[in-house]
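Visitor: Dropping the structure in here first, questions after.
The values are calculated or read from the model by the stated rules, or taken from the named source; none is laboratory data. For clarity, every value in this text was computed on a predicted model and none was experimentally measured. Ideal geometry is used to build each Cβ from the backbone, glycine not excepted, and the neighbour counts take in all protein chains shown. Note: accessible area is taken over every heavy atom of the protein model, side chains too, but ligands, DNA and RNA are not part of it. Shrake-Rupley method; radii C 1.70, N 1.55, O 1.52, S 1.80 Å.
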Amino acid sequence: MRVHILDDWFDTLRGLPCFARLVDHEVKVWTDHIEDVEQLASRLADAEALVLFRERTKVTRDLLDRLPDLRLISQRSAYPHIDVPACTDNGVLLCSRMPGGSTNYAAAELTWALIMSAMRQLPAQMASLKAGTWQMGVGKSLRGRQLGLYGYGRIAQAVAQYAEAFGMDVVWWASEDGRARAKADGATLAASRAAFFAECDVVAVHLRLNPQTKGIITAADLAGMRRDALFVNTSRAGLVEPGALLTALNAGHPGMAAVDVFDSEPLTDPTDPLLAHRNLIGTPHIGFVTEDEFEIQFSDIFDQINAYAAGDPIHMINPEVWTKA
């Protein structure tokens, strides 16, 4: 098959062991990012299979209508960036393995790195050192402080293990089902949602973005956090009510935020009010960006291509396309 891979910005995939799984296909790797539909359609004109890097490129009806040779989109995890009905109407099968039974430790590790960086003022301290002014302030220790984890999933549970190793007290909030599972496991639940946000030194959110969780972290939640508290989001920006985080930081509740995700990505405007805020430290959506995690994810993605080519597709999201075929 003619396989096109989008948005491999640092040309990483060709150096991974899993890339050998595409040996029987004609592969083109694109290392830049294009949003213009006409340009994108032009470069993908002969594509039979399209590989996506998570949500870096939106696959719209307008784009799909311009790709008559396309038969397969292969990716991993959720797909809010893909117009699935348009895929079906154009005879394009979407295959995406939904992670289950495994933990994205790369995202958990980045969450912990951001917590430590924010609490110890590492970005500002390093900038102060390089500027020749030595120390710039006084950070906070983690031992004895309270970490609140919103969402009782695998990534949050990995973060909880790191926190406990550092001597933090961990409390939880989640959906009703999540709280029930946490309670059954003997985890400590906050007395209420309001108490969760008001009492924690650090709050980290770990939820999948879907219609039920969109905007689930509200302006009122953030306003209820203390002035010396930290809010962390390495999941999805859409989990937070639009504009609420910037408003909260301007009001000083919470006092600081550490995020890996933004409403508009890639975010390349250094004057963006949230990105430029003095009380925010950020990373450019690198929660899943490690060679180890890529090997896991793209092994699945390339297996999906081979399964389709062999006539036995797996992880089908719109199987009616294959049935019609």
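Visitor: Could you tell me how many of the residues in region 291-320 are modelled with pLDDT under 95 and β-branched (Val, Ile, Thr)?
Guide: Looking only at that region, the number is 1.
Visitor: Do you know which of the residues in region 251-273 that are touching a residue at least 24 places away in the same chain (Cβ under 8 Å) and over 18 Å from the mean Cα position of the chain (by Cα) is nearest to residue 120 (Cα to Cα)?
Guide: My answer is 256.
Visitor: Sort out which residues of region 201-213 are open to solvent by 10 Å² or more (accessible area, probe 1.4 Å) and over 16 Å from residue 174 (Cβ atoms), and write them in order of number.
Guide: Result: 201, 211.
Visitor: So which of 120, 71, 97 is modelled with pLDDT of 95 or more, open to solvent by 40 Å² or more (accessible area, probe 1.4 Å) and under 23 Å from residue 13 (Cα atoms)?
Guide: Matching residue, one of 120, 71, 97: 71.
Visitor: Looking at region 296-317 only, could you name the residues that are buried (at least 16 other Cβ atoms within 10 Å of the Cβ) and of a type in the set (Asp, Glu)?
Guide: 300, 303
Visitor: Determine the pairs where a residue that is in contact (Cβ under 8 Å) with a residue 40 or more places away in the chain, located within region 47-60, has a partner that is charged (D, E, K, R) and assigned to a loop (DSSP other than H, G, I, E, B) with Cβ atoms under 7 Å apart, the partner being 6 or more residues away or on another chain.
Guide: That search, which allows pairs on different chains as well, returns 47/69; 48/69; 48/71; 49/71; 53/7; 53/8; 56/7; 57/7.
Visitor: A further question on this structure: Answer yes or no: is there a residue in region 123-132 that is out of contact with any His (no Cβ under 6 Å at 6 or more places or on another chain) and either closer than 26 Å to residue 302 by Cβ or at pLDDT below 95 (or both).
Guide: No, that holds for no residue.
Visitor: Looking at 86, 78, which one is open to solvent by less than 60 Å² (accessible area, probe 1.4 Å), at pLDDT below 95 and of a type in the set (Gly, Ala, Ser)?
Guide: Numbers: 86 fails: at pLDDT below 95.
Of 86, 78, the one residue that is open to solvent by less than 60 Å² (accessible area, probe 1.4 Å), at pLDDT below 95 and of a type in the set (Gly, Ala, Ser) is 78.
Visitor: Could you check region 16-30 and list, in sequence order, the residues that are open to solvent by 60 Å² or more (accessible area, probe 1.4 Å) and under 26 Å from the mean Cα position of the chain (by Cα)?
Guide: 17, 21, 28, listed by residue number.
Visitor: Does region 289-308 include one or more residues that are over 21 Å from the mean Cα position of the chain (by Cα), of a type in the set (Val, Ile, Thr), assigned to a loop (DSSP other than H, G, I, E, B) and closer than 28 Å to residue 92 by Cβ?
Guide: No, because not a single residue in region 289-308 is over 21 Å from the mean Cα position of the chain (by Cα), of a type in the set (Val, Ile, Thr), assigned to a loop (DSSP other than H, G, I, E, B) and closer than 28 Å to residue 92 by Cβ.
Visitor: Looking for whichever is open to solvent by less than 30 Å² (accessible area, probe 1.4 Å) and charged (D, E, K, R) here; the options are 260, 292, 228. Which one fits?
Guide: Going through 260, 292, 228 in turn, just one is open to solvent by less than 30 Å² (accessible area, probe 1.4 Å) and charged (D, E, K, R): 260.
Visitor: Just to be sure before I move on: is residue 131 farther than 25 Å from residue 286 by Cα and either among the polar types (S, T, N, Q) or open to solvent by less than 80 Å² (accessible area, probe 1.4 Å) (or both) in the structure I sent?
Guide: Yes, satisfied.
Visitor: I'd like to know if region 231-248 contains one or more residues that are touching a residue at least 60 places away in the same chain (Cβ under 8 Å) and open to solvent by 30 Å² or more (accessible area, probe 1.4 Å).
Guide: Scanning region 231-248, I find no residue that is touching a residue at least 60 places away in the same chain (Cβ under 8 Å) and open to solvent by 30 Å² or more (accessible area, probe 1.4 Å), so the answer is no.
Visitor: Sticking with this one: Considering only residues of region 45-61 that are buried (at least 22 other Cβ atoms within 10 Å of the Cβ) and modelled with pLDDT of 95 or more, which is farthest from the chain's Cα centre (by Cα)?
Guide: Of everything passing the filter in region 45-61, 47 is farthest from the chain's Cα centre (by Cα).
Visitor: Based on this model, can you work out whether residue 141 counts as closer than 30 Å to residue 200 by Cα, open to solvent by 50 Å² or more (accessible area, probe 1.4 Å), assigned to a loop (DSSP other than H, G, I, E, B) and touching a residue at least 60 places away in the same chain (Cβ under 8 Å)? Lay out the reasoning, then the answer.
Guide: Numbers: closer than 30 Å to residue 200 by Cα: yes; open to solvent by 50 Å² or more (accessible area, probe 1.4 Å): yes; assigned to a loop (DSSP other than H, G, I, E, B): yes; touching a residue at least 60 places away in the same chain (Cβ under 8 Å): no.
So residue 141 does not fit the description; no.
Visitor: If you don't mind, another one. Considering only residues that are small (Gly, Ala, Ser), touching a His at 6+ places or on another chain (Cβ under 7 Å) and assigned to a helix (DSSP H, G or I), which ones fall in region 200-237?
Guide: 223
Visitor: Being open to solvent by 40 Å² or more (accessible area, probe 1.4 Å), under 15 Å from residue 151 (Cα atoms) and not in a helix (DSSP H, G or I) is the filter here, so list the residues in region 180-199 that pass it.
Guide: 185, 188, 189, 192
Visitor: For the list (1) open to solvent by 40 Å² or more (accessible area, probe 1.4 Å); (2) in contact with a strand residue (DSSP E or B) (Cβ under 8 Å, 6 or more places away or on another chain), I need the number of the one condition that residue 102 fails.
Guide: Unmet for residue 102, out of (1) open to solvent by 40 Å² or more (accessible area, probe 1.4 Å); (2) in contact with a strand residue (DSSP E or B) (Cβ under 8 Å, 6 or more places away or on another chain): (2).
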